[in-house]
């Protein structure tokens, strides 16, 4: 659990300040998690040339245990994430991975 204070002078009403604080609290409620995902590099094939992921690219991750399922659609909720690390094995392409 982390405790702290938040202030922002850009809000002119108490109600707007309260809702801004709720947004900050909601962002802080998501635990810091990293995923290391094994990937196959298909970018050498012309039909997959736009699927290459590099550091700072954004993608989405679905984790039903952490983000749950949308009750109205039944589909898993997903979170937009950034690629923070890539590992390329030049000898064995099946050992490539990304960290998000």
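Just the residues that are touching a strand residue (DSSP E or B) at 6+ places or on another chain (Cβ under 7 Å) and either modelled with pLDDT of 80 or more or surrounded by 10 or more Cβ atoms within 10 Å (Cβ to Cβ) (or both), please, taken from segment 14-52.
Passing the criteria: 35, 36, 37, 38, 39.
Could we say that residue 56 is surrounded by fewer than 11 Cβ atoms within 10 Å (Cβ to Cβ) and at positive phi here?
Yes.
Would you point out the residue of segment 64-83, among those that are part of a loop (DSSP other than H, G, I, E, B) and surrounded by 13 or more Cβ atoms within 10 Å (Cβ to Cβ), that is farthest from the chain's Cα centre (by Cα)? Break it down into steps so the answer makes sense when it comes.
Keep residues of segment 64-83 that are part of a loop (DSSP other than H, G, I, E, B), which gives 68, 70-75, 77, 83.
From the residues that got through so far, the ones that are surrounded by 13 or more Cβ atoms within 10 Å (Cβ to Cβ) too are 77, 83.
Working: 77: 12, 83: 8 Å.
This residue is 77.
The values are calculated or read from the model by the stated rules, or taken from the named source; none is laboratory data. Not measured: the values here are computed from a predicted model. Cβ coordinates were reconstructed from backbone atoms using ideal geometry, including for glycine residues, and neighbour counts include every protein chain displayed.
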